[in-house]
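Reading through the structure tokens given below for one structure.
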Amino acid sequence: MGLRPPDDGRSPDAELGRWAGTLPLTSRWGAPTADPLLPPGITAPAHVRARAGTRQG
């Protein structure tokens, strides 16, 4: 899904001499953080690890 640019060109806002634009916000999954009380050797499942670095949503 591509972002569409602002469309103030034919509106009264265009005559104000102000900046117009967008400020996109993206979210990404971070690296899994294990509960420190887990016994040694228990790791996050593959489907959880696979989310790291991907977009949320």
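The values are calculated or read from the model by the stated rules, or taken from the named source; none is laboratory data. These numbers come from a predicted model, not from an experiment. Methodologically, a virtual Cβ is constructed for each residue, glycine included, from the backbone with ideal geometry; neighbour enumeration extends over all protein chains shown. Just so you know, the surface numbers come from the protein's heavy atoms only, side chains and all, with ligands and any DNA or RNA stripped out. Shrake-Rupley method; radii C 1.70, N 1.55, O 1.52, S 1.80 Å.
Assorted remarks:
- Qualifying residue in region 8-25 (condition: at pLDDT below 95, at negative phi, open to solvent by 90 Å² or more (accessible area, probe 1.4 Å) and touching a Pro at 6+ places or on another chain (Cβ under 9 Å)): no
- T26 meets the conditions (1) touching a strand residue (DSSP E or B) at 6+ places or on another chain (Cβ under 8 Å); (2) not in a loop (DSSP other than H, G, I, E, B) in every case but one. The failed one is (2).
- Among residues of region 35-52, those that are surrounded by 10 or more Cβ atoms within 10 Å (Cβ to Cβ) and either in a loop (DSSP other than H, G, I, E, B) or polar (S, T, N, Q) (or both), counted: 6
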